[in-house]
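The values are calculated or read from the model by the stated rules, or taken from the named source; none is laboratory data. Nothing here was measured: the structure is a model prediction, and the numbers come from that model. Every residue, glycine among them, receives a Cβ derived from its backbone with ideal geometry; neighbour counts consider all protein chains shown. Protein only, heavy atoms only, side chains kept; ligands, DNA and RNA dropped before computing areas. Shrake-Rupley method; radii C 1.70, N 1.55, O 1.52, S 1.80 Å.
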Amino acid sequence: MDLMAKSGTTTQGLRAAIERSGYYPALVAEAVEAAVGGEPISSYLVHQETTFDSNEVRRHVTVLVLTGNRFIVSHTDEQAADAGSPSPYATTSTESVKIGAISSVVLSRVVANPESYTPGTLPREVVLTIGWGAVSRIDLEPAACGDPNCDSDHGYTGNSTADDLSLRVSEAGDGPEAVRQTLAFAQALSEATAAAAAAR
């Protein structure tokens, strides 16, 4: 799996990061810039993923942009020719979310040799999960009581988890700079959501 992440704070920097990804840069940049409009960019992250599916190589790029008021996420995928299209094609979509609508920003860190960890050491990998209520996952299981002889129906119990977006970046696969950039974007997004919550 080949991943690349770029992070920064300017419109020119965002376009340069998209171009460096090499993944249909004109298409991706046009979609993202149309969604951003004239708003100043606070932070961004460009994340490219290549997967192998049987005999096919599939590429996907996610662009995350933070402005003063919105979180914008763009996905672009390439598809092989099929019954509906005689030639390969790409699809791109953008979603704009108000900062105040973001319900969770989860950053999971994997650290090697935790017994000798020193502050400031980069994690081995990070997973950034962002939830804003567009997609929720519900895990259910039969409920039970403490009585091992009870055969009553106690219904179900479970958890509902917001899981709109999840990105994984590793030091081994992507290099330390990609991990650092993902951490920087996660911090900027967390700070923005905290500020939006305090302003309510």
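Restricting attention to region 19-59, the residues being hydrophobic (A, V, I, L, M, F, W, C), under 17 Å from the mean Cα position of the chain (by Cα) and closer than 20 Å to Ser170 by Cα number 2. Touching a Lys or Arg at 6+ places or on another chain (Cβ under 8 Å) and under 16 Å from Gln12 (Cα atoms): does that describe Glu78? No. Within region 10-21, residues that are open to solvent by less than 70 Å² (accessible area, probe 1.4 Å) have Cβ atoms under 8 Å from residues that are among the aromatic types (Phe, Trp, Tyr) in these pairs: Gly13/Tyr44; Leu14/Tyr44; Ala17/Tyr44, counting only partners at least 6 apart in sequence or on another chain.
Scanning region 167-192 for residues that are more than 15 Å from the chain's Cα centre (by Cα) and crowded, with 21+ Cβ neighbours inside 10 Å yields Asp174, Ala192. If you go through region 112-124 and pick out every residue that is open to solvent by less than 80 Å² (accessible area, probe 1.4 Å) and not small (Gly, Ala, Ser), you end up with 4. A residue that is acidic (Asp, Glu), out of contact with any strand residue (DSSP E or B) (no Cβ under 7 Å at 6 or more places or on another chain), part of a strand (DSSP E or B) and surrounded by fewer than 14 Cβ atoms within 10 Å (Cβ to Cβ) can be found somewhere in region 46-66. Say whether the condition of being exposed (fewer than 15 other Cβ atoms within 10 Å of the Cβ) and either within 20 Å of His47 (Cα to Cα) or of a type in the set (Phe, Trp, Tyr) (or both) is met by at least one residue in region 125-132. No, region 125-132 contains no residue that is exposed (fewer than 15 other Cβ atoms within 10 Å of the Cβ) and either within 20 Å of His47 (Cα to Cα) or of a type in the set (Phe, Trp, Tyr) (or both).
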